[in-house]
Structure formats: C-alpha cells, structure tokens
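Beneath this line is the structure, given in structure tokens, with notes to follow.
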Amino acid sequence: MLSHASESTFPRVLDRNDPPPRAIDHVRGALKRGAAEVVQWGWEAVVELGSIGPRSRRGRRFGRLGEGSVICFPAVAIFNEQYIHIGNGTLIGPHVSLSAGMVPGQVPVSDPVISIGDRCLIGKGSGIVGHLSIEIGDDVWTGHHVYITDQNHGYEDVTLPISRQTMPERPVVIGDGSWLGYGTVVLPGARIGRHVVVGANSVVTGDLPDHCVAVGSPARPVRRWTEDSGWV
C-alpha cells in the first residue's frame with residue numbers, strides 16, 4: 001500500500017489549475033464539434049448506402065433475399081451468394097461472414113447450402129460458413145460473435161498437418177424460435193430443436209430437444225419444458 005506521503009507525490013488529475021479559455025479555444029472547440037457531426041453523419045450515410053437489401057445489385061446475387069431483409073454494412077466476407085437463401089424481414093448485423101463453400105466460384109454439392117428463415121436476427125461479428133447444409137428456421141435470434149459451420153477438420157493421420165487432412169461435413173439444423181447467446185459455436189451435425197435457448201459461449205455438437213435451455217461445452221440441457229410436467 002502507498003503511504004499518505006507517497007500518495008501526495010502523485011498529481012491529482014482533478015486538481016489541475018487550467019488557464020481560462022481563450023477566444024481561439026472556443027473557436028477550436030466549435031470546429032471540432034462541427035467536424036464530429038460531419039464525420040458521424042457521413043458514417044451513418046455510408047452504413048445506410050453500403051447495406052445489402054433485396055433490391056440492391058449485390059442483393060440480387062443471392063439465391064433469395066426476402067422482402068424487408070438487410071445485411072448491414074460492413075460485411076466481412078460474403079461469397080457464392082447464389083447458394084444462400086434468406087427469408088423475409090431478417091436482419092444480419094455488421095461484420096458478419098456468410099459463405100457457401102471454401103472459395104469464391106466453388107460449386108457445392110447442394111443448393112441451398114445456407115438457408116435462413118423469416119424474421120431472424122444474426123448478431124454483429126457472427127460467421128455462418130456452410131459447405132453442405134445449414135438450415136436456420138424462422139424467428140431465430142443470435143447474440144454477437146456466434147459461429148455456425150457444417151464442416152470440421154479431420155485428424156486421422158498424425159503425420160500430416162491438420163490443414164491437409166479430410167474435412168468431414170454434416171448438416172446443421174437450428175429450429176424455429178431459438179436463441180443462441182453471445183459467442184455460441186454450432187458445429188457439424190448439431191440439431192437444435194424449436195424454441196431452444198443456448199447459453200453464452202456454449203459449444204453445440206449434437207442434438208438439443210425442443211423447449212430446452214442448454215449450456216456448456218459441449219452444450220447440455222439444464223432445463224426443459226414438457227406438456228405433462230411444465231419446466232423440469
């Protein structure tokens with residue numbers, strides 16, 4: 001602990017004796033405030049103009065981009081949009097990655113590869129990376145920085161780098177009306193039921209039944225609603 005004497009040697013920020021402002025200081029302050037307004041207005045205009053809607057040129061590249069849906073600006077990476085179908089009234093936040101396949105121009109084995117339903121909300125900074133089939137139902141909401149993929153890295157041969165091994169793919173399904181909390185990771189083969197809550201930072205690797213609350217890594221149900229017993 002610092003003694004009172006040693007504490008007194010440090011200047012107190014709130015005890016500064018600033019000189020009274022001059023006329024030029026008032027002018028500079030007004031200019032800074034004005035410039036800040038211009039920057040903020042300009043950025044808001046860029047965000048609005050850069051967003052992707054169903055009638056925009058970029059929006060028409062999608063297999064489907066429904067009425068009232070928007071992908072906010074800026075996006076991180078979007079490619080092979082023709083294999084991505086998005087329903088009506090869905091909002092996809094900024095800094096999101098949406099990709100079908102490994103590289104632009106790749107022809108996948110299925111169409112659509114990614115299907116997102118009506119009235120969904122995909123949180124800022126999330127990534128949906130599909131190779132085979134990712135099906136997201138209606139009214140699915142996610143927190144920020146959620147990652148969903150249907151492909152993983154194999155590790156059968158310990159003599160080879162992981163990047164050179166097979167990449168197994170398994171379909172992913174997320175049921176209607178579910179909520180995925182901040183930082184949730186959904187891995188290949190996951191099947192999330194209807195009206196499911198997945199807690200923040202959980203990792204979903206398998207099946208989660210309808211009307212449950214699941215947490216953990218791997219995610220496991222901690223509460224479930226049934227018609228016979230209610231919440232258990």
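Look at the dipole of the chain built from charges on Cβ: of V27, V232, G206, the Cα furthest out on the positive end belongs to V27. Global size of the stretch 159-220: 13.2, 44 Å for Rg and Dmax (C-alpha atoms, Rg to one decimal, Dmax whole). Note on the chain: the alpha carbon radius of gyration divided by the globular reference 2.2 N^0.38 Å gives 1.41. Charge dipole of the stretch 133-195 (Cα centre as origin; +1 on each Lys and Arg Cβ, -1 on each Asp and Glu Cβ, all else neutral): 140 debye, rounded to the nearest 20. The relative contact order of the chain comes to 9 percent, based on Cα pairs under 8 Å that sit 6 or more residues apart. Take the chain with all the other protein chains still there, run a 1.4 Å probe, and you get 61 Å² of accessible area per residue.
Summing Cβ point charges (Lys, Arg +1; Asp, Glu -1) relative to the Cα centre of the chain gives a dipole of roughly 720 debye. Taken about its Cα centre, the stretch 108-213 carries a charge dipole of about 300 debye when Lys and Arg each add +1 at the Cβ and Asp and Glu each add -1 at the Cβ.
Can you give the Kirkwood hydrodynamic radius for the stretch 45-177, in Å, rounded to one decimal and based on Cα pairs?
After inverting the mean inverse Cα-Cα distance, the result is 15.1 Å.
So for the pair R22, M167, with labels modelled 7 Å out along Cα→Cβ, what separation do we get in nm? Those two pseudo-labels are separated by 6.2 nm. Take the Cα of Y182, go 7 Å toward its beta carbon, and the backbone nitrogen atoms of the stretch 198-221 under 16 Å from that spot belong to 198-203, 216. Can you give the angle from 0 to 90° between the axis of helix 23-50 and the longest principal axis of the chain, with both taken from C-alpha atoms, to the nearest 10? Approximately 10 degrees, to the nearest 10.
The fraction of accessible area contributed by carbon and sulfur in the chain is 57 percent, rounded to a whole number (1.4 Å probe; ligands and nucleic acids excluded).
Dividing the convex hull volume of the alpha carbon atoms of the stretch 26-113 by its residue count gives 102 Å³ per residue.
The values are calculated or read from the model by the stated rules, or taken from the named source; none is laboratory data. Please read these numbers as outputs of a predicted model, since none were measured by experiment. Here Cβ is always computed from backbone atoms with ideal geometry, including for glycine, and neighbour counts include all displayed protein chains. All accessible areas refer to the heavy atoms of the entire protein, side chains included, with ligands and DNA or RNA removed. Shrake-Rupley method; radii C 1.70, N 1.55, O 1.52, S 1.80 Å.
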